[in-house]
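Here's the structure we're looking at; comments come further down.
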Amino acid sequence: MKSMTRTLILILVAALALILLANRLNSSQGYSSGNTLTIYNWGDYIDPELLDRFQEETGITVIYQTFDSNEAMLTKIEQGGTTFDVAVPSDYAIEKMRADNLLIPLDHDKIPNMQYIDSKFMNLSFDPDNKYSMPYFWGTLGVVYNPNLTDLTFESWEDLWDPSLRNDLLLTDGAREVIGTGLASLGYSLNDTNEEHLQEALDKLMGMSPNVKAIVGDEIKLLLANDEAAAGLVFSGDASEIMSENEELDYVVPEEGSNLYFDNMVIPKTAQNVDGAMQFINFMLDPEVNAQNTEYVGYSTPNDAALALLPEDVSSDERFYPPDELTAHLEVYENLGKKMLVHYNELFLRFKMNGS
């Protein structure tokens, strides 16, 4: 009997040890509980000093993880293996997350700083009444170029096909962006699902291949800043960062139209610290905090009060704060559905293989 009792005690002790070990591993892999907040954001998309400040002001420990595409973020949240309290998806991804019941509704009473957001960034089609999200940053897709290395001005997408740009063009590694460029150059919507139009866009992009030096991720910023290419297809926030490192560069959105994107803060369905998530969202919308974050990141802020705190040469720069008449001609990516997204990725892969 004593032997059996001793065996049971050992089993219980071992089970307890395993539970404690599992809890420790979960906390290190993004699981949130108690006084911990796990944030899932794009790389280099927040001033680290603000994370420290939030921890000091609230006593909440922040675990910060990053992703490099909406698709990667969606996959991880859909799988549910890791718990995130705050995520920062883009417009069409938010629309998909709403449809798939992956988000927790926001309590606007706990986010009083939403009063500082410009009304034109609220109540957009991907999240009516901002039931699930709050604006973080916004921007456009365009071309960064060096006038010392090319005579092209990129006021039209057609310049990307100019023979003088041979092996001198960098493209951001995104299917919606590259296939969308082909569509826009033909006068089609960035959300086109017509197979003939998509094939026409791919055929035209194939003709751009001789100009493409590389298709890259975040390293595109360093390459363009170091004059490793004459031009690059980039988001406006990245363009701002690149141009701060190399003042010779310029940024333009081609006249045929391009992508207007919005990145918003959301609370995923599996969040374990919803109150902490509300505190964080409200904190990031504080005008002074938001202005500091905007200067660090370089993307455009939707926060009116924060915009007033920025240097005038930043807030008045129409390349990054374009007038309404320009943004009215831009398109927001729509959620095209899983099947069509896979098709866009297949077309993009064919384009990449053509240039390899």
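The values are calculated or read from the model by the stated rules, or taken from the named source; none is laboratory data. No experiment lies behind these values; they were computed from the predicted model shown. Reconstructed Cβ throughout: ideal geometry from the backbone, glycine too, with neighbour counts over all protein chains shown.
Looking at segment 105-160, which of the residues that are among the polar types (S, T, N, Q) and closer than 30 Å to Glu248 by Cβ is surrounded by the most Cβ atoms within 10 Å (Cβ to Cβ)? Outline the logic, then answer.
Initial filter on segment 105-160 (among the polar types (S, T, N, Q)): 113, 115, 119, 123, 125, 130, 133, 140, 146, 148, 150, 153, 156.
Now restrict to residues that are closer than 30 Å to Glu248 by Cβ: 140, 146, 148, 150, 153, 156.
Details: Thr140: 23, Asn146: 18, Asn148: 9, Thr150: 18, Thr153: 13, Ser156: 15.
Out of the qualifying residues, it is Thr140.
Residue-wise test of (1) in a strand (DSSP E or B); (2) modelled with pLDDT under 95; (3) among the aromatic types (Phe, Trp, Tyr).
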| position | (1), (2), (3) |
| --- | --- |
| Ile46 | no, no, no |
| Tyr64 | yes, no, yes |
| Glu71 | no, yes, no |
| Leu74 | no, yes, no |
| Phe84 | no, no, yes |
| Arg98 | no, no, no |
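Residue-by-condition table, conditions (1) surrounded by fewer than 18 Cβ atoms within 10 Å (Cβ to Cβ); (2) touching a Lys or Arg at 6+ places or on another chain (Cβ under 9 Å); (3) closer than 30 Å to Met134 by Cβ; (4) in contact (Cβ under 8 Å) with a residue 40 or more places away in the chain:
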{"position": "Glu195", "(1), (2), (3), (4)": "yes, no, no, no"}
{"position": "Glu200", "(1), (2), (3), (4)": "yes, no, no, no"}
{"position": "Gly217", "(1), (2), (3), (4)": "yes, no, yes, yes"}
{"position": "Glu256", "(1), (2), (3), (4)": "yes, no, no, yes"}
{"position": "Met265", "(1), (2), (3), (4)": "no, no, yes, yes"}
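If Asp85 satisfies every condition in (1) more than 28 Å from Asn194 (Cβ to Cβ); (2) touching an Asp or Glu at 6+ places or on another chain (Cβ under 7 Å); (3) crowded, with 22+ Cβ neighbours inside 10 Å but one, which is the exception?
(2)
Working carefully through the options Gly298, Gly337, find the one that is on the phi > 0 side of the Ramachandran plot and in contact (Cβ under 8 Å) with a residue 12 or more places away in the chain. Reasoning before the result, please.
Values: Gly337 fails: in contact (Cβ under 8 Å) with a residue 12 or more places away in the chain.
Exactly one of Gly298, Gly337 is on the phi > 0 side of the Ramachandran plot and in contact (Cβ under 8 Å) with a residue 12 or more places away in the chain, namely Gly298.
Just to be sure I understand, how many residues within segment 182-217 are in contact with a Pro (Cβ under 9 Å, 6 or more places away or on another chain) and within 19 Å of Leu330 (Cα to Cα)?
So the first thing to find is which residues in segment 182-217 are in contact with a Pro (Cβ under 9 Å, 6 or more places away or on another chain), and the list is 184-185, 210-211.
Next, only the ones that are within 19 Å of Leu330 (Cα to Cα) stay: 184-185.
Matching residues across segment 182-217 total 2.
Inspect segment 321-329 for any residue being touching a helix residue (DSSP H, G or I) at 6+ places or on another chain (Cβ under 6 Å), surrounded by 16 or more Cβ atoms within 10 Å (Cβ to Cβ) and of a type outside the set (Ser, Thr, Tyr) and give the result as yes or no. Spell out the reasoning first.
Our first condition is that a residue be touching a helix residue (DSSP H, G or I) at 6+ places or on another chain (Cβ under 6 Å); within segment 321-329, this holds for none.
The answer is no; no qualifying residue exists.
Can you name every one of the strands (runs of 3 or more DSSP E) wholly within segment 224-269 that holds 1 or more residues which are under 20 Å from Met208 (Cβ atoms)?
Answer list for segment 224-269: 231-235, 250-252.
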